[in-house]
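Worksheet: one structure, shown below.
The values are calculated or read from the model by the stated rules, or taken from the named source; none is laboratory data. Worth saying up front: this structure is predicted, and the values here are computed from it rather than measured. Backbone-built Cβ (ideal geometry, glycine too); neighbour counts: all protein chains shown. What goes into the accessible areas is simple: the full protein's heavy atoms, side chains included, and nothing from ligands, DNA or RNA. Shrake-Rupley method; radii C 1.70, N 1.55, O 1.52, S 1.80 Å.
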Amino acid sequence: MKRIRTYASFVRFSHSVFALPFALTGALLALHRLNDWTRDTIAARLVWIVVAMVTARSAAMGFNRLADASHDALNPRTAMRELPRGVMTRTEARIFIIISSGLFVVAAWRLGPVCLVLSPVALAIVFWYSLAKRFTNYTQFFLGLAMAVAPVGGWLAAGGRGGVEPWLLAAAIGTWVGGFDVLYACQDLDFDRAHGLRSIPVQFGVARSLLISRVMHVITVLCVSALGPVARLGPIYLAGVAGVAVLLAYEQSLVRADDLSQVKRAFDLNGYVGLLYLAATAAAMYVH
């Protein structure tokens, strides 16, 4: 059990609540459009979507921790992560990444040939984020791109083809995640500059980075708002969108250019965003 807890902490398993609700929402939107609510379809598809999401995210986070291990050891904020403090070895991390990636490919295979063919592309996108800070100042945008894969994958996995819904949802989660990662990256501005790492805060400074984050979250709300009439989801969905908007506004209010002490608290609020959005979308479909 101790090793299980170590591995779960290594990949921050609890943070699966960020992307997973949007992947499930993408799948629900596809089923809603196809009007295919048979028990076998829901059970088979959704279970393998959960497996695919958890294993892909675990592989990506494991790769991130492995790629950043030397920098994490130097940063007081991250020095207590599993690799820097020696409770896991690099070999264990590599094995974990390989197994997680393999399980993701298996899950993609179970979800159909389109998902199987696209699985290496999805892994390449989510792995690239961990290397982006060495090459571009727009690292947080690439995390947004990596997370935007989730609803599109959920849509395809549930049999969806064509349609604007997955792209609106992808834009929403991409700007949402990119926006809160900009806030999070402000904490490491001095460290990143000192060690030659790149990010939006390094490029633009804290004040302008907060403005970028806020604009991104406005785009998030606009995208999920536009999805309502496109998918004909009704007032319950729009009430959920209003709740998401309130949470994001509160999150942004916690962080100021002259006070970054509440960044962690703001970051943790995001766990409720995805869950609220999934619940509101599912309820809207049930009523419809």
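Note on segment 97-123: among residues that are touching a Cys at 6+ places or on another chain (Cβ under 9 Å) and open to solvent by less than 30 Å² (accessible area, probe 1.4 Å), the one that is farthest from VAL51 (Cα to Cα) is ALA122.
Consider segment 255-283. How many of its residues are of a type outside the set (Ser, Thr, Tyr), more than 19 Å from the chain's Cα centre (by Cα) and open to solvent by 20 Å² or more (accessible area, probe 1.4 Å)? The number of residues fulfilling the criteria is 8. It is to be established whether one or more residues within segment 41-63 are modelled with pLDDT of 85 or more, touching a helix residue (DSSP H, G or I) at 6+ places or on another chain (Cβ under 9 Å) and not in a helix (DSSP H, G or I). No, there is no match, as no residue in segment 41-63 is modelled with pLDDT of 85 or more, touching a helix residue (DSSP H, G or I) at 6+ places or on another chain (Cβ under 9 Å) and not in a helix (DSSP H, G or I). When SER199 is tested against (1) within 26 Å of PHE135 (Cα to Cα); (2) open to solvent by less than 30 Å² (accessible area, probe 1.4 Å); (3) more than 22 Å from the chain's Cα centre (by Cα), just one condition goes unmet, and that condition is (3). The set of residues in segment 108-130 being assigned to a helix (DSSP H, G or I) and more than 22 Å from LEU66 (Cβ to Cβ) consists of ALA108, TRP109, ARG110, PRO113, VAL114, CYS115, LEU116, VAL117, LEU118. Looking at segment 170-268, the helices (runs of 4 or more DSSP H) lying wholly inside it that each contain 2 or more residues that are closer than 30 Å to LEU156 by Cα sit at 200-231, 234-253.
Can ARG45 be described as touching a residue at least 60 places away in the same chain (Cβ under 8 Å) and open to solvent by 80 Å² or more (accessible area, probe 1.4 Å)?
Judged against the criteria, ARG45 is not a match.
Okay, residues lined up against (1) at pLDDT 95 or above; (2) under 22 Å from the mean Cα position of the chain (by Cα); (3) among the β-branched types (Val, Ile, Thr):
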position: LEU210; (1), (2), (3): yes, yes, no
position: ARG214; (1), (2), (3): yes, yes, no
position: HIS217; (1), (2), (3): yes, yes, no
position: LEU227; (1), (2), (3): yes, yes, no
position: GLY234; (1), (2), (3): no, no, no
position: VAL246; (1), (2), (3): yes, yes, yes
position: MET285; (1), (2), (3): no, no, no
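Among the residues of segment 124-140, those that are modelled with pLDDT of 90 or more and buried (at least 21 other Cβ atoms within 10 Å of the Cβ) comprise VAL126, THR139, GLN140.
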